[in-house]
1. Per q in 0.13, 0.18 Å⁻¹, report the Debye log10 I(q)/I(0) for the stretch 10-117, using one uniform scatterer on each alpha carbon and no solvent.
2. Taking the Cα-to-Cβ direction at D25 and at T176 and moving 7 Å from each Cα, how far apart do the two end points lie in nm?
3. Please identify the DSSP H helices in the chain that span no less than 15 Å along the helix axis (Cα) and have a mean Kyte-Doolittle hydropathy of 0.5 or more.
4. Output the peptides 203-210, 69-76 sorted from most to least packed, where packing is the average of other Cβ atoms within 10 Å over each peptide's residues.
5. Report, by chain and number, residues whose modeled amide H sits under 5 Å from the one on I70, excluding near sequence neighbours (fewer than 5 apart, same chain).
6. Let a ≥ b ≥ c be the square roots of the eigenvalues of the Cα gyration tensor of the stretch 137-285; is it rounded (a/c under 1.5), or, if not, prolate (a/b larger than b/c) or oblate?
7. With each pseudo-label sitting 7 Å past Cα toward Cβ, what's the A245-Y165 distance in nm, one decimal?
8. Quote the charge dipole size of the stretch 45-168 about the Cα centre in Debye, to the nearest 20; the model charges only the Cβ of Lys and Arg (+1) and of Asp and Glu (-1).
Amino acid sequence: MTTSLPPVVLDRLTPALGARVDGIDLNEVRTREDGALLRAALAEHKVLVFPGQSLTPTAHRDFAAALGEITPAHPIVPGLDADHPEIYVLDSRDGGKSPVWHTDVTFMPRPPLGSVLRAVSLPPNGGDTLWTDLEAAYRSLSPVLRELADKLTALHDGRADFESYLRDRLGGEGSTWEGERVRSLEPVVHPVVRVHPETGRRSLFVNPGFTTRLLEVSESESRSLLGIFFAAIGRPEFTVRHRWADGDVVVWDNRSTAHYAVDDYGDVERVMHRVTLRGDVPVGV
Ligand SMILES: O=C(O)CCC(=O)C(=O)O
Ligand SMILES: [Fe+2]
């Protein structure tokens, strides 16, 4: 399907999610008014791919700020430099690989609304990223399981990924997030089924990256049920896979998707820059 939102052209990438957006220079998207058009497309398509862009780090940040309120780079990890504290650097040679399905920063009470990712330095091949539609994952469950999931909450824990970084590299002083200095990573509780604040649609808001435990069931039931939920998330039918090229910028709705960065390029350098948009507290059914 091709829809035309002059002068922007959107082409659906898969039946599940994703659209390629042409006819727009992101250097020219600077106001919330301009951003609103893209925000509407984001809620609908969940992942927007903008090929052939030419953003500097400053322009990347300014484009993200046209989409919404931007956050510090990360609750723990400092930003690119003093001029760009909002840019999170993912460097393959410095721990910046994420070959696991995850939704960004769900280990905090207010995970980002969305992320804006820019390719900075790519391997000659490999290093694709996949996104999956958590609404399709929810719909794929049988009705009784959906009904159960609607009633569950889950712990999200960032300690396995970031606690040693916080302690060993930052001496226990993380970023300022939601106005408070982060000094520890207490797990947080989110509903297992999240209602999207803009569309009202339900998604299966758990991910193997950070979700460790369902709270209303026993430990072994939690393990089995999470296995079922994670299998639903990973189904190829619900995904879109992006092969990166120089100049690509991808924006995703972090409330209704999870993503996976394929680690198939060995020791080659791969650097991405990410800016996240401030989100709300997830609301359940
Ligand atoms: O490196 C990528 O392609 C994605 C990494 C990631 O998980 C992120 O940017 O949030
Ligand atoms: Fe991520």
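The values are calculated or read from the model by the stated rules, or taken from the named source; none is laboratory data. Every value quoted in this text rests on a predicted model; they were computed, and no experiment measured them. Note: ideal-geometry Cβ built from the backbone for every residue, glycine included; neighbour counts use all protein chains shown. Ligands, DNA and RNA are excluded from the accessible area calculation, which covers all protein heavy atoms including side chains. Shrake-Rupley method; radii C 1.70, N 1.55, O 1.52, S 1.80 Å.
1. Result of the Debye calculation: -0.55, -1.07.
2. 3.6
3. Values: long enough: 32-45 (19 Å, -0.32); 57-67 (16 Å, 0.03); 219-233 (21 Å, 0.77).
Long hydrophobic helices here: 219-233.
4. In decreasing order of mean packing, 203-210, 69-76 become 203-210, 69-76.
5. Excluding prolines and chain starts, which carry no amide H, the hits are R278.
6. Working: a/c = 1.61, a/b = 1.22, b/c = 1.33.
Oblate.
7. The answer from the label model is 3.1 nm.
8. Values: 11 positive and 17 negative charges, 58 e Å.
Around 280 debye, computed over the stretch 45-168.
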